[in-house]
1. Filter the stretch 295-307 down to residues that are among the polar types (S, T, N, Q) and outside any strand (DSSP E or B) and give me whichever is nearest to the chain's Cα centre (by Cα).
2. Run down 292, 251, 274 and say which single residue is in a helix (DSSP H, G or I) and buried (at least 18 other Cβ atoms within 10 Å of the Cβ).
3. Can you tell which of 487, 491, 521 is assigned to a helix (DSSP H, G or I) and either among the polar types (S, T, N, Q) or under 30 Å from residue 595 (Cα atoms) (or both)?
4. Can you go through 133, 160 and tell me which one is modelled with pLDDT under 90 and in the same structural domain as residue 210 (by TED's automatic domain parsing)?
5. For the stretch 440-459, which residues satisfy the criterion of being under 24 Å from the mean Cα position of the chain (by Cα) and either farther than 24 Å from residue 399 by Cβ or modelled with pLDDT under 80 (or both)?
6. Of all helices (runs of 4 or more DSSP H) completely enclosed by the stretch 153-247, which ones contain at least 1 residues that are under 28 Å from residue 416 (Cα atoms) and under 41 Å from the mean Cα position of the chain (by Cα)?
7. Hey, can you tell me all the residues within the stretch 356-365 that are farther than 14 Å from residue 283 by Cα and touching a residue at least 60 places away in the same chain (Cβ under 8 Å)?
8. Give me the residue from the stretch 373-392 that is more than 19 Å from residue 115 (Cβ to Cβ) and either touching a strand residue (DSSP E or B) at 6+ places or on another chain (Cβ under 7 Å) or hydroxyl-bearing (Ser, Thr, Tyr) (or both) and, out of that set, modelled with the lowest pLDDT.
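The values are calculated or read from the model by the stated rules, or taken from the named source; none is laboratory data. Everything quoted here is computed from the prediction, not taken from an experiment. Counting neighbours? That spans all protein chains shown, and the Cβs are built from the backbone with ideal geometry, glycine included.
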Amino acid sequence: MFDFGHGNSGSYEPAVASGRLKGTQQTQGVAYPSPFFDLAHTYLPPTVKQMFRWCRYYYLTQPLVAATVNKMAEYPITDLVIDTDNGGLRDTWEDFFTHDIGLRPKLIDMGLYYMCYGNALGSMMHPFVKWLKCPVCGHTIMAKKANYRFRNYEFHMTCKRCGNVNKAEVHDQYLQTSHGTKIILWNPEDIDIVFNPITQESTYFYTIPLQTKNDITMGRREVVEQLPQVFIEAAKKGRSVTLNRDNLFHLKRPSVLSGPRDTGWGTPLVLPVLKDIFYLQVMKKAQEAILLERIVPLNVIFPQVASGTADPYTSVNLVDWKNHIAKEIKRWRLDRNYIPILPLPIGNQVIGGDGRALMMSNEIKIWSDHIVAGMGVPNEFIYGGLQWSGSNVSLRMLENQFMRYLSNLLLFIKDFVIKHTAAHMGWSPVDVRFKPFKMADDLQRKAYLFQLNQAGKVSDTTLLVDADLNPEEENELLKKETKVRLEAVKEQQIAEAEIAGEAGVVNAKFQAKAQNVMAQEQQQAMAGQQGTAPGEPGEQVGSPMVNPMQPPQQSQPQQNPLQQIVERIRSLSPDAQQQVLGRIASKNQDLANQISQQLNQGGVTDVSPNQSAAAPLPTQLPPRRGAESAMI
């Protein structure tokens, strides 16, 4: 991976981890390949293929690396949209992507390989059935139903037709069905690439893992029956499997690697920070030692010398003193309020306990930020708090990485998965796309688009598409909702009209009843006024007879029924008015209140309408009763 050759020879100078620096007379120390290198450089693997093991190790053990790889692989993947007008074809491909191959989880797994190793290799594996054929009678049977023994990488079958036991002929028959189709992701650690710099073409070789070889050698039925025969033949010959370039998709990160063993591979995301991770591990190891040795103090108790003449080491039995001190400490632990009484002073010395002052938290934090920045990711993307800003260069660069990553995944889906599946199943290929990717919910941008839409500069379709909404579906929903709203408004207006009509009918009925009552009351009141007292004439002079049942003359204008009632009552005397209002209130209090209000507004006179307005005023006082007629 790193070329340390001299001159034009192109040879590699192996790094060693012991010796001395070249050009010095020291006999001890570390021999660095160059004064510009450090200790971590001496442990770097010579090829990128050997680097993959360390990439996997740091991904599994280093939290920063794992968080960065996971977020970079998962965050930009959005939902897949199938662009076709054929509803049945769209449903077929959606079912294939969702249930048959589980496309979205596979894309995430592919992204993990891409971000961790810098390379992701995938192939399409269609379902097949392994058949065994008897070489004697030609009877063919599925391997799952056959009676065979797998020895020396061969199927020895007992034929059910002829009964002979012979080496069976093996044939893999691929089925034309989408159920069981898989996307195989190859581990880059098991792949070797031979790159031709002239033709820019690569040949890929797959080395069967040791565990799979052991399963084949042991003849495990679930392995040999489901494994293509070419892998069994390769394990038998101890060779690698040459992968078909037409059925292999290599997704790799941009790379400037050189050398015969590194060309053709992508650069791992972790490669630039491997030294920094090593340095961070050293700091964590040092902090671990501090925590284990210096964080808990050691308290030492010893007899204190009181004066130069009273030396406890010469006058006191130290064994008894130790036992007595241990007993006092034990009592104190049982009772924290216990106060021991000792004849001699006690000295105390603390060893350790200064681990907090030796902690390397700040250095670890700074170096962690260096590692995240070295992988090309903003710190906020890992620690949280990332916000969109069009002027932020780091976010623009991160977005460009995501766009390139999504374009490669889209190329994998369109030109590889759909192409191979359509050719195998005979389906019509479709065009697919990811939903628009956005770094974050840009509220300012959405508000700006909304303002442009209100000003008539941007269409509703553009506004809805920016919000990840389908304009056609939204228009259909608006039509349905508008129809429902109109039906609701129509029903409401019809109900209100019916209620108003019923109320009008009821009011008309009550007005008719009120008119009849008023007419009757007016007749009774006028009849009472026209009645004679004992010994007096029965008719007053100047009071014409009015027939309430007589129809009004044609020359009189038409009046409101309520106004007519009020006018009729106003023509009565005050006592008669009160009697009529009382009778009306007993039947309809609201009507009585309205009549009373009209009477008060128009004024109620105490002068009887039978009296002439031109009559002279009285010239004599009315007679008064004398004191003799007073009632006590």
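1. Going through the qualifying residues, I end up with 304.
2. Numbers: 292 fails: buried (at least 18 other Cβ atoms within 10 Å of the Cβ); 251 fails: in a helix (DSSP H, G or I).
Criteria check complete, one pass: 274.
3. Values: 487 fails: either among the polar types (S, T, N, Q) or under 30 Å from residue 595 (Cα atoms) (or both); 491 fails: either among the polar types (S, T, N, Q) or under 30 Å from residue 595 (Cα atoms) (or both).
Just one listed residue meets the conditions, 521.
4. Working: 133 fails: modelled with pLDDT under 90.
Exactly one residue qualifies, and that residue is 160.
5. Once the filter is applied, which keeps residues that are under 24 Å from the mean Cα position of the chain (by Cα) and either farther than 24 Å from residue 399 by Cβ or modelled with pLDDT under 80 (or both), the stretch 440-459 yields 440, 441, 442, 443, 444, 445, 446.
6. Numbers: elements: 210-218, 221-224, 229-237.
In the stretch 153-247, 210-218, 221-224 are the helices (runs of 4 or more DSSP H) which contain 1 or more residues that are under 28 Å from residue 416 (Cα atoms) and under 41 Å from the mean Cα position of the chain (by Cα).
7. Residues of the stretch 356-365 farther than 14 Å from residue 283 by Cα: 356-357.
Passing the criteria: only 356.
8. In the first step, residues of the stretch 373-392 are kept if they are more than 19 Å from residue 115 (Cβ to Cβ); the result is 384-385, 387-392.
With either touching a strand residue (DSSP E or B) at 6+ places or on another chain (Cβ under 7 Å) or hydroxyl-bearing (Ser, Thr, Tyr) (or both) added as a condition, the list becomes 389, 391.
Details: 389: 46, 391: 40.
Only one residue fits best here, namely 391.
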